[in-house]
Amino acid sequence: MDKILIIEDNVDVNKMLNEALTEAGYKVKSAYTGIDGIKEVKGQEYSMVLLDLMLPYKSGDQVLKEMREFSEVPVIVISAKDMISTKIDILKLGADDYITKPFDLGEVVARVEANLRRSNKTVSDNEVINYKDIWLDENTKRVSVKDVEIDLTAKEYKILTMLMKNKGKVFTKANLYESIWEEDYLGDDNAIKTHVSNIRNKLKKVNSKEKYIETVWGLGYRLFKE
């Protein structure tokens, strides 16, 4: 089920959008400030964001600009600002669509469906996975960080692919070993530890300031949750 985040400070508008999208079959979460919206996108995997521009503490254009530094999630801006120049600026910042208030709920749902179809088709066609500044191309088997290609072994590539395809999911060492090595896991975790350590070191060489793979003590590994 596609998960949608609504970042809108007007409680009534937020509730109205939430109810309409929930009724349309989506899983919906609401945020009421720009700061909370950024935290949500960093902490959860969303299929789409509906974003108001007039937000407290951090404006919608600031939220969009910051969001595009770490996420390519589709964004539909819903705003009372109807100047063409504003729409152009917002689209240049990285918005995928722009709806002017007051709006028709049917149109909002239709725009959400259209943008999700476009987004899902692009992902399917390109088979490119993104997490933070890592880009993994399943067609070419290439992995890059900040546009710098890194050289991974076959097993390192498979481990990173599993983690990136399942953002937030914890993989036990047994999960990883049996999936990658295709053998029964007998409790020796040295191979897994070594490969995860190698991946971390290769990523760190390009961007030492970012954290990518988190150790969940007593369980295993997952992509780092901020």
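The values are calculated or read from the model by the stated rules, or taken from the named source; none is laboratory data. What you see is a predicted model, and the numbers here were worked out from it, not measured in a lab. Note that each Cβ is placed from the backbone with ideal geometry, even for glycine, and that neighbours are counted across all protein chains shown.
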Legend entry - Subset of the stretch 36-52 [modelled with pLDDT of 95 or more and hydrophobic (A, V, I, L, M, F, W, C)]: VAL49, LEU50, LEU51
Inset, instruction - Evaluate the stretch 64-78: report whether one residue or more is outside the structural domain of ASP147 (by TED's automatic domain parsing) and over 29 Å from LEU223 (Cβ atoms). - result: yes
Legend entry - Matching helices (runs of 4 or more DSSP H) fully within the stretch 1-112 where at least 3 residues are in contact (Cβ under 8 Å) with a residue 40 or more places away in the chain and surrounded by 20 or more Cβ atoms within 10 Å (Cβ to Cβ): none
Legend entry - Residue that is farthest from the chain's Cα centre (by Cα) [pool: residues in the stretch 137-152 that are under 19 Å from SER71 (Cβ atoms) and assigned to a loop (DSSP other than H, G, I, E, B)]: ASP147
Legend entry - Any hit, the stretch 201-212, residues being of a type in the set (Ser, Thr, Tyr), more than 21 Å from VAL41 (Cα to Cα) and assigned to a loop (DSSP other than H, G, I, E, B): yes
Inset, instruction - Return the only residue of SER119, SER124, SER71 being in contact with a helix residue (DSSP H, G or I) (Cβ under 7 Å, 6 or more places away or on another chain), modelled with pLDDT under 90 and of a type outside the set (A, V, I, L, M). - result: SER71
Inset, instruction - Would you confirm whether any residue within the stretch 90-98 is small (Gly, Ala, Ser) and in contact with a Lys or Arg (Cβ under 8 Å, 6 or more places away or on another chain)? - result: yes
Legend entry - Complete set of residues in the stretch 171-218 that are aliphatic (A, V, I, L, M) and at pLDDT below 85: LEU186
Legend entry - Given (1) within 23 Å of the chain's Cα centre (by Cα); (2) within 30 Å of GLU66 (Cα to Cα), number of the condition LEU176 does not satisfy: (2)
Inset, instruction - Collect the residues in the stretch 20-61 that are over 22 Å from ASP82 (Cα atoms) and of a type in the set (Asp, Glu), keeping them in residue-number order. - result: GLU23, ASP36, GLU40, GLU45
